[in-house]
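One structure is given here, and the rest of the page talks about it.
The values are calculated or read from the model by the stated rules, or taken from the named source; none is laboratory data. All figures in this text were calculated on a predicted structure; none of them were measured in a lab. Virtual Cβ from ideal backbone geometry, glycine too; neighbours counted across all protein chains shown. The accessibility values were calculated without ligands, DNA or RNA, using every heavy atom of the protein model including side chains. Shrake-Rupley method; radii C 1.70, N 1.55, O 1.52, S 1.80 Å.
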Amino acid sequence: MAGIVVKPRARILHGHDWVFSSEVLKVFGNPADGDVISLKDGRDHLIGSAIYNSKSQIVARRFSRRRQDLDLDFFRRRIAQASEYRDRRNVDPKLRRVVWSESDGLPGVIIDRYGEHFVLQTLTLAMDKRKDSIAAVMLDLFSDVTIIERNEAPVRQAEGLQLQSALLRGSVSQTVIEIEGINLELDLLHGQKTGFYLDQKNNYGIIAQYAHDRRVLDCFTNQGAFALACVRAGAAQVTGIEENTQNIAAAERNSARNQLKAQWIEGDVFQFLRAAEKTRSEYDLIILDPPSFTKSKSGLRDALRGYRELHTRAFKLLSKAGLLATFSCSHHVSDSAFLETITDALVDARRSARRVRRFDQAADHPVLPTIPETEYFKGFLLEMMPGR
């Protein structure tokens with residue numbers, strides 16, 4: 001088997017599963033992009049099997065510490081193990097992330113389940129070349145289900161892959177899921193990501209517990225899940241703001257479907273908050289759940305600047321004992337950086353707050369301590385301190 005020899009201080013020798021181009025000592029056997037290769041250290045010891053792509057900055061991603069091929073038996077075993085792990089964590093079997101990339105030993109593979117509809121993403125070249133095998137195993141494990149390919153993620157371009165979406169197996173029907181007693185209609189072929197943000201699934205009900213009799217502002221409302229959960233929980237007034245026209249239309253349909261009344265505003269959140277400050281608007285609960293502000297380290301400074309302005313303006317609009325629920329899905333924004341930005345925003349807004357709780361990734365998005373990149377989600381609930 002062809003492969004590479006890694007340099008002595010490569011991070012893969014310290015528990016990580018990636019090999020960057022700068023960590024390659026030697027390539028042997030002339031591997032082709034998308035091949036399975038052997039990884040060796042400087043003493044010619046095998047340290048695992050990996051997928052290879054010379055076009056990517058991450059030239060190799062280890063998927064086994066032994067010699068292993070990507071055959072049907074391998075995919076069947078790994079996907080079954082991933083599903084069984086979520087069963088043990090009592091994750092809803094019909095509404096879950098079934099596979100989360102490296103966290104389940106399948107680098108670049110994401111599988112989300114919405115009832116009998118499965119959404120597949122193959123974000124690495126090797127896995128993309130084998131997506132028919134992955135789909136075949138999914139049909140074998142989960143019977144007669146629909147499989148939709150949603151491969152529009154820009155990260156595919158780093159692997160030399162085109163962006164595309166398609167129906168791989170079965171037929172697409174209207175998909176409706178239930179979250180906290182609310183029925184949400186999903187567009188699995190065109191909606192953002194794989195159709196819904198499953199990483200927030202557990203938090204809609206938690207935030208809604210604080211909404212009773214409160215004036216709620218849901219920023220970046222997407223399809224309206226947070227807003228509608230708050231309406232259902234007895235909020236006095238709920239406003240959802242979202243820039244994406246299709247998302248606002250989806251939120252309005254979900255509102256009508258559930259007979260829950262909210263105000264929906266299509267527009268830029270930053271502009272809305274600036275205008276609300278000028279009119280001295282006030283809210284008792286503000287939810288900030290923006291899309292990722294940066295996909296790379298190079299964009300971190302601008303991302304933190306954006307988070308700081310966003311939080312400063314939100315703090316200024318909160319009532320004396322108001323609550324702020326804030327989330328970040330940017331991996332490159334660490335917990336400490338996010339908290340520091342929130343602290344700076346409190347100073348800018350001349351407010352004080354107590355931290356009520358923090359939020360982590362759901363159990364179906366497991367984190368590997370040796371691969372920090374598997375952790376991206378973080379959030380906090382803060383309560384303003386009156387008289388300070």
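Summary table below
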read-out: Pairs, first free of Cβ contacts under 8 Å to residues at least 60 places away in the same chain in the range 270-297, second open to solvent by 70 Å² or more (accessible area, probe 1.4 Å) and not β-branched (Val, Ile, Thr), C-beta under 6 Å, six or more apart; value: GLU277/LYS316
read-out: The range 259-269, residues that are in contact (Cβ under 8 Å) with a residue 40 or more places away in the chain, β-branched (Val, Ile, Thr) and open to solvent by 30 Å² or more (accessible area, probe 1.4 Å); value: none
read-out: Tally, over the range 117-142, of residues that are over 26 Å from LYS295 (Cα atoms) and in a strand (DSSP E or B); value: 1
read-out: Residues located in the range 318-352, provided they are assigned to a helix (DSSP H, G or I), among the aliphatic types (A, V, I, L, M) and buried (at least 20 other Cβ atoms within 10 Å of the Cβ); value: ILE342, ALA345
read-out: Check on LEU260, assigned to a strand (DSSP E or B) and not charged (D, E, K, R); value: no
read-out: Any hit, the range 49-57, residues being modelled with pLDDT of 95 or more, over 23 Å from GLN157 (Cβ atoms) and crowded, with 20+ Cβ neighbours inside 10 Å; value: yes
read-out: Of all residues in the range 116-130 being crowded, with 18+ Cβ neighbours inside 10 Å and of a type outside the set (A, V, I, L, M), the one that is farthest from ASP35 (Cα to Cα); value: HIS117
read-out: Some residue of the range 108-130 being aromatic (Phe, Trp, Tyr) and closer than 21 Å to SER56 by Cα; value: no
read-out: Residues of the range 31-48 that turn out to be open to solvent by 30 Å² or more (accessible area, probe 1.4 Å), farther than 25 Å from LYS131 by Cβ and not aliphatic (A, V, I, L, M), as a count; value: 5
read-out: Flag if GLY224 is more than 30 Å from SER281 (Cα to Cα) and open to solvent by less than 10 Å² (accessible area, probe 1.4 Å); value: no
read-out: Residue list for the range 353-388, filter: crowded, with 18+ Cβ neighbours inside 10 Å and of a type in the set (Lys, Arg); value: LYS378
read-out: Members of the range 58-81 that are under 23 Å from the mean Cα position of the chain (by Cα), part of a helix (DSSP H, G or I) and surrounded by fewer than 22 Cβ atoms within 10 Å (Cβ to Cβ); value: ARG78, ALA80, GLN81
read-out: Hits in the range 143-157 - residues which are out of contact with any strand residue (DSSP E or B) (no Cβ under 7 Å at 6 or more places or on another chain) and either open to solvent by less than 50 Å² (accessible area, probe 1.4 Å) or assigned to a strand (DSSP E or B) (or both); value: ARG156
read-out: Residue tally, condition part of a loop (DSSP other than H, G, I, E, B) and among the polar types (S, T, N, Q), over the range 175-204; value: 3
read-out: Only listed residue being more than 29 Å from PRO154 (Cα to Cα) and either touching a His at 6+ places or on another chain (Cβ under 7 Å) or without any contact (Cβ under 8 Å) to a residue 24 or more places away in the chain (or both), chosen from ALA208, ALA249, ALA256; value: ALA256
read-out: ARG11 vs. criteria among the basic types (Lys, Arg), touching a residue at least 60 places away in the same chain (Cβ under 8 Å) and closer than 21 Å to GLU375 by Cβ; value: no
